[in-house]
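Have a look at the structure below, then the notes.
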Amino acid sequence: MKFYWLFRKDLQSELRTRYAINALGMFIVVTISVILFSIGQEKITQNLSGGLFWVVVFFSAMSGLSRAFVSEEERGTVLTLQLMSDPNTVLGGKLLFNIVLVFSMNIFIALLYSALFDVFVIKNLPMFLLAFVLGNLGIGISSTLIAAIIAKANTKGTLYPVLSFPILLPLFLTLIEITKKAMEGVPFDEGFIEIATLVSYDVVMVAAGFMLFDLVWKE
Amino acid sequence: MNDNYSIEISDLTKVFGSRIIFNKINFKRDTPGLAGIAGPNGSGKSTLVKVIAGLLTQSSGTIKHYLGGKEVHQNSVYSVVGFASPYVYLYDEFSALENLEISMKIRGLKPDQENFKALLDRFTLWPRRNDPVKAYSSGMKQRLKLIFSVIHSPGLIIWDEPTANLDSDGKHRVYELASELAKESIVVFATNEETEIGMCSEVINILDYKNNK
Ligand SMILES: Nc1ncnc2c1ncn2[C@@H]1O[C@H](COP(=O)(O)OP(=O)(O)OP(=O)(O)O)[C@@H](O)[C@H]1O
Ligand SMILES: [Mg+2]
């Protein structure tokens with residue numbers, strides 16, 4: 001339960017400082033507006049709207065999720081954290097925090113998005129929801145690990161997207177593919193490969209995270 | 001309380017690039033008391049205490065912490081060590097009391113409100129206990145950091161520059177607390193203040209470990 005208290009600390013701190021929430025909220029609104037403006041009067045296809053949805057998610061994730069570790073590093077509280085917890089507690093707490101953040105962010109994006117784009121209609125909703133949950137977990141896990149790595153580097157700003165791209169690419173390609181299928185309304189078993197890919201991605205990232213975090217965390 | 005803590009440092013060496021910070025330090029202690037780490041600015045006092053506390057990895061050699069005769073796992077060293085210094089920061093957006101409570105909970109321990117009150121009182125911070133730390137002066141922050149470092153009753157208490165930013169009243173309170181804590185724990189001062197080194201029953205001088213073989 002120690003990691004839960006670390007999560008609580010981060011949540012409380014976020015509610016007071018609004019570091020990540022402000023960055024995320026701004027980013028979501030700006031990206032969606034830009035898409036709306038650039039489309040103008042033209043009709044976009046269903047496929048494209050599904051892809052654009054994940055583009056918005058990807059860039060919003062880039063903008064806010066690195067806070068988990070970077071804020072500790074910037075404020076010099078990393079030593080404090082190391083002095084009161086073991087690496088697994090830290091990773092567990094930060095992971096939970098980022099996952100909660102990703103879910104709130106993506107639910108917000110999904111609601112806003114479906115309100116603004118009429119073509120964004122999902123026929124196989126259960127399949128999309130399953131993919132959405134697995135995808136959110138994947139984004140939460142990988143963004144936490146990437147944040148842990150870049151918090152130690154001095155080129156934080158640029159390194160995050162650079163490092164995230166190859167790590168998140170397989171996840172997003174799969175998510176875009178299954179979203180397309182869910183929009184077309186194909187039956188569940190035709191999305192099996194994507195679902196299996198998402199599950200494996202999440203499992204591999206969590207396992208790798210807990211194995212490698214020790215090395216990243218201590219200087 | 002902590003009389004079952006002991007520490008054993010063998011051939012501890014740290015280099016940054018080609019610069020030897022300290023070479024083959026050996027140190028062993030299984031009784032409570034006050035120990036000092038001395039040396040001029042830039043000699044490596046902070047580096048040594050960070051390595052001992054597990055905040056920085058050594059280049060070679062070992063540090064073993066024991067509790068009740070059993071070696072403490074590397075990832076649990078945090079639970080037997082208390083550490084305060086000007087470069088360890090508490091959470092600005094939380095109050096003094098919140099910082100203490102949060103750190104106990106994250107450690108998996110129960111916050112001991114009476115102990116918090118006694119310590120905050122002792123360092124004259126009790127009336128300001130609910131103010132966010134960002135509103136504290138640097139001396140008040142230092143006082144709080146010292147409190148933060150002892151609330152979990154660690155067997156090894158490391159204070160790097162214990163009296164940084166403190167007025168003479170604050171210094172006096174620190175020395176008093178240190179000598180009380182030294183009855184049950186090993187308290188280490190890393191300092192270049194003569195008076196503080198003078199209080200220690202055992203002193204490691206970093207300069208002795210620069211050119212030794
Ligand atoms: N991360 C680092 N990389 C390279 N060199 C470092 C690093 N940290 C410290 N040093 C060097 O190690 C030496 C010892 O530094 P340290 O901070 O331990 O000294 P100190 O004895 O605590 O000094 P002071 O009395 O000023 O606090 C210095 O020469 C410093 O430049
Ligand atoms: Mg120093």
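Some observations on this one:
- The residue of region B:19-56 that is nearest to ligand 1 (Cβ to nearest atom), among those that are aliphatic (A, V, I, L, M) and over 17 Å from B:V187 (Cβ atoms), is B:I21.
To keep it simple, each residue is scored yes or no on (1) in contact with a helix residue (DSSP H, G or I) (Cβ under 6 Å, 6 or more places away or on another chain); (2) within 14 Å of chain B (Cβ to nearest Cβ); (3) over 30 Å from B:L55 (Cβ atoms).
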site	(1), (2), (3)
A:L169	no, no, yes
A:F172	yes, no, yes
A:E177	yes, no, yes
A:D189	no, no, yes
A:M205	yes, no, no
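- Within region B:163-205, the residues that satisfy the criterion of being under 26 Å from B:N26 (Cβ atoms), within 16 Å of ligand 2 (Cβ to nearest atom) and either out of contact with any strand residue (DSSP E or B) (no Cβ under 6 Å at 6 or more places or on another chain) or free of Cβ contacts under 8 Å to residues at least 60 places away in the same chain (or both) are B:T191, B:N192, B:E193.
- Boolean, A:E42 is at pLDDT below 95, crowded, with 17+ Cβ neighbours inside 10 Å and of a type in the set (D, E): no
- Checked against (1) part of a helix (DSSP H, G or I); (2) closer than 27 Å to A:V70 by Cβ, A:E177 meets all criteria but (2).
- Only one entry in B:F22, B:F94 is among the aromatic types (F, W, Y), farther than 29 Å from A:K2 by Cβ and over 14 Å from the mean Cα position of the chain (by Cα), namely B:F22.
- Hits in region B:65-85 - residues which are open to solvent by less than 40 Å² (accessible area, probe 1.4 Å) and either more than 9 Å from chain A (Cβ to nearest Cβ) or in contact (Cβ under 8 Å) with a residue 12 or more places away in the chain (or both): B:H65, B:V72, B:V77, B:Y78, B:V80, B:V81, B:G82, B:F83, B:A84, B:S85
- Among the candidates A:L159, A:L215, residue that is part of a helix (DSSP H, G or I), out of contact with any Cys (no Cβ under 8 Å at 6 or more places or on another chain), hydrophobic (A, V, I, L, M, F, W, C) and open to solvent by less than 70 Å² (accessible area, probe 1.4 Å): A:L159
- Members of region B:109-132 that are within 9 Å of chain A (Cβ to nearest Cβ) and in a loop (DSSP other than H, G, I, E, B): none
- Candidates are the residues of region A:59-111 that are part of a helix (DSSP H, G or I), of a type in the set (S, T, Y) and within 14 Å of chain B (Cβ to nearest Cβ); the one that is nearest to B:K50 (Cα to Cα) is A:T80.
- Annotation: of all residues in region B:25-61 being surrounded by 15 or more Cβ atoms within 10 Å (Cβ to Cβ) and basic (K, R), the one that is farthest from ligand 2 (Cβ to nearest atom) is B:R29.
- For region B:9-18, taking the residues that are open to solvent by less than 50 Å² (accessible area, probe 1.4 Å) and polar (S, T, N, Q), the one that is farthest from ligand 1 (Cβ to nearest atom) is identified as B:S10.
- Within region A:5-39, being open to solvent by 70 Å² or more (accessible area, probe 1.4 Å), within 14 Å of chain B (Cβ to nearest Cβ) and among the hydroxyl-bearing types (S, T, Y) holds for one residue alone: A:Y19.
The values are calculated or read from the model by the stated rules, or taken from the named source; none is laboratory data. As the structure is a computational prediction, the values presented were derived from the model and not from experiment. Cβ atoms come from the backbone with ideal geometry, glycine included; neighbour counts cover every protein chain shown. The accessibility values were calculated without ligands, DNA or RNA, using every heavy atom of the protein model including side chains. Shrake-Rupley method; radii C 1.70, N 1.55, O 1.52, S 1.80 Å.
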